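S.K.: To start, I am sharing the structure in question, which I have written as structure tokens.
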Amino acid sequence: MTKLKILFPVFILSIFSCQNIPKNSESGAFQNDTTPGFDVAAATKIIKERCKEFEDAVKVGDSIAVGDLYTEDTKIIPSLTGRNSIITEVHEMFRDSITGMNFKIINLWGNGNIIVEDAFVEFYHANGTLVSKGNALLVWKKEADAWRIFRDVYKPDKK
């Protein structure tokens, strides 16, 4: 059960990571980029599309599709390594009815191969109870066919 409490918010973050990107993100309002030519608007569009795919997979309970949004060598820090372990864990977590969240991107930066999201997130159970809130960091990696989550870190606030 402790493992579930620690890992569940990480998966939920991934599910909704770009759902509520502020409108000013296209203007680069939260860009912290040291790479010349990094296009925040293009990166935002890419991540929004991938998040929509993630969201759709969760709505239908498709753990395989959720797993496909991660790289083969992904890590959810501190506990999971590899796409197959994520698929297994997500399959188990679909039974827990976490259905809501509030998400705010604090920062977005990257280059042609990596996009990093720094965010604050709150997770809610279907009954409206706050399950967890805290800071998150998602690293998206460009693979030959798509952008996938390479690293996923979530640090819940202390109660």
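S.K.: Quick check: is even one residue across segment 122-135 over 17 Å from LYS75 (Cβ atoms), out of contact with any Ser or Thr (no Cβ under 9 Å at 6 or more places or on another chain) and assigned to a loop (DSSP other than H, G, I, E, B)?
M.R.: Yes.
S.K.: Could you tell me whether segment 17-27 includes any residue that is in contact with a strand residue (DSSP E or B) (Cβ under 9 Å, 6 or more places away or on another chain), under 21 Å from ALA146 (Cα atoms), part of a loop (DSSP other than H, G, I, E, B) and at pLDDT 85 or above?
M.R.: No, segment 17-27 contains no residue that is in contact with a strand residue (DSSP E or B) (Cβ under 9 Å, 6 or more places away or on another chain), under 21 Å from ALA146 (Cα atoms), part of a loop (DSSP other than H, G, I, E, B) and at pLDDT 85 or above.
S.K.: Suppose we filter segment 41-70 for residues that are closer than 24 Å to PRO156 by Cα and of a type in the set (Ser, Thr, Tyr); how many remain?
M.R.: So the answer is 2.
Here is a yes/no grid of residues against (1) out of contact with any Asp or Glu (no Cβ under 7 Å at 6 or more places or on another chain); (2) farther than 25 Å from ILE46 by Cα:
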{"site": "ILE76", "(1), (2)": "no, no"}
{"site": "THR81", "(1), (2)": "yes, no"}
{"site": "TRP109", "(1), (2)": "no, no"}
{"site": "HIS125", "(1), (2)": "yes, yes"}
{"site": "GLY128", "(1), (2)": "yes, yes"}
{"site": "SER132", "(1), (2)": "yes, yes"}
{"site": "ASN135", "(1), (2)": "yes, no"}
{"site": "ALA144", "(1), (2)": "yes, no"}
{"site": "PHE150", "(1), (2)": "yes, no"}
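S.K.: Please determine whether any residue of segment 58-77 is touching a Gly at 6+ places or on another chain (Cβ under 8 Å) and free of Cβ contacts under 8 Å to residues at least 24 places away in the same chain.
M.R.: Checked against the condition, which is being touching a Gly at 6+ places or on another chain (Cβ under 8 Å) and free of Cβ contacts under 8 Å to residues at least 24 places away in the same chain, segment 58-77 yields at least one hit.
S.K.: Given the residues TRP140, TRP109, which is the only one that is closer than 15 Å to CYS51 by Cα, aromatic (Phe, Trp, Tyr) and either assigned to a strand (DSSP E or B) or in contact (Cβ under 8 Å) with a residue 60 or more places away in the chain (or both)?
M.R.: Values: TRP109 fails: closer than 15 Å to CYS51 by Cα.
Just one listed residue meets the conditions, TRP140.
The values are calculated or read from the model by the stated rules, or taken from the named source; none is laboratory data. Small disclaimer: the values here were computed from a predicted structure and weren't measured. We place every Cβ from the backbone using ideal geometry, glycine too, and count neighbours over all the protein chains shown.
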